[in-house]
1. Could you tell me how many degrees, from 0 to 90 and to the nearest 10, lie between the Cα long axis of helix 133-144 and the main elongation axis, the longest principal axis, of the Cα atoms of the chain?
2. Tell me the label-point distance for the pair residue 210, residue 26, using the 7 Å Cα-to-Cβ offset, in nm and rounded to one decimal.
3. What is the helix-to-structure angle for 109-119, meaning the angle in degrees between its Cα long axis and the longest Cα principal axis of the chain, kept from 0 to 90 and rounded to the nearest 10?
4. By how many nm would the segment from residue 119 to residue 79 lengthen if fully extended, with 0.36 nm per residue of separation less the alpha-carbon distance?
5. If I stretch the segment between residue 97 and residue 7 completely, what's the gain in nm (0.36 nm per residue apart, minus their alpha carbon distance), one decimal?
6. Would you mind listing how long the range 100-222 runs along its three principal axes, going by Cα atoms, in whole Å with the largest first?
7. Pairs of Cα atoms under 8 Å, at least six residues apart: use those to get the relative contact order of the range 1-122, whole percent.
8. Report, in deg cm²/dmol and to the nearest 500, the calculated mean residue ellipticity at 222 nm for the chain, where each DSSP H run with n ≥ 4 adds -39500 (n - 2.57) and the sum is divided by the residue count.
C-alpha cells in the first residue's frame, strides 16, 4: 500500500495509508500514513466497535489536509494481539462410522448457517459450496493416509482454494458457537489448527503431499506458511 500510494500521488490522487508495520511506513515513506498499532488483519482496530472504527477513519482522512509529505502519525490507541485459540465448544460426534474430521464438518453446518443468516455473506465459495465441505474434508483424510492428491476427489481440484473454503466454513461456524465474543487477531486460526479434527487433518495432508514430492507451492499454501 505504501508503494502504491506514491503511484497514486504521482497521478494526482491524494492518499492516506493505514500502516500496520511502522518500520515499513518509515522505510517506504508514503505521502501520508496513519500507523495503527493493532493486530495484523484489523486495520480499523476493534471488531464491531463502529465508534472506534470511525475514529480511525476520521484521523486518517484529516491527514489529507497535509499538502506535502511524507507525514507519519500514530493512532493513540495500542491494541495488543490476542492469539489464544477461540473458546467455543464443538458439536459432539454424531456418526462414528465417518472419519472424525468429516463427522465434525457435518456437525458444524447448523452453526455455519446461523452466521450466514446473520451476516448475509460468506467467504466460502472460492471453489466449492458449503454442501461440499465434508467431501473436501474426506479428501484431506484420504491424502493424509497416502492417497495422491490428484486422486483424492477434492472438489474443484485445487487444494489451496479448497483449504481456503474449508477454513472459512469452520471459522464462520465458530463465530456462531462463540456468541458475542469478538475473536483475537489469530484466535480463529489457532482454534482451527489446534482444536479441530479438520485442522489437524489438513496439516497432516499437507505434510503428506510435501513428503511425497508434490511440487511447491501446491501444498505450501494450503495452510499459513508459519505452520
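No lab work stands behind these numbers, since they all come straight from the coordinates. Everything quoted here is computed from the prediction, not taken from an experiment. In this analysis, Cβ positions are derived from the backbone assuming ideal geometry, glycine residues included, and neighbour counts consider all displayed protein chains.
1. 70 degrees
2. 3.3 nm
3. Tilt of helix 109-119: around 20 degrees.
4. On the way: separation 40, 0.36 × 40 = 14.40 nm, distance 2.52 nm.
Once the chain is fully extended between residue 119 and residue 79, it gains 11.9 nm.
5. Numbers: separation 90, 0.36 × 90 = 32.40 nm, distance 5.77 nm.
Full-extension gain reported as 26.6 nm.
6. Per principal axis, max minus min of the Cα coordinates gives 44, 25, 25 Å.
7. On the way: 145 pairs, mean separation 25.0, N = 122.
RCO, the range 1-122: 20 percent.
8. Details: 9 runs with 103 residues, N = 227.
Taken over the chain, the calculation gives -14000 deg cm²/dmol.
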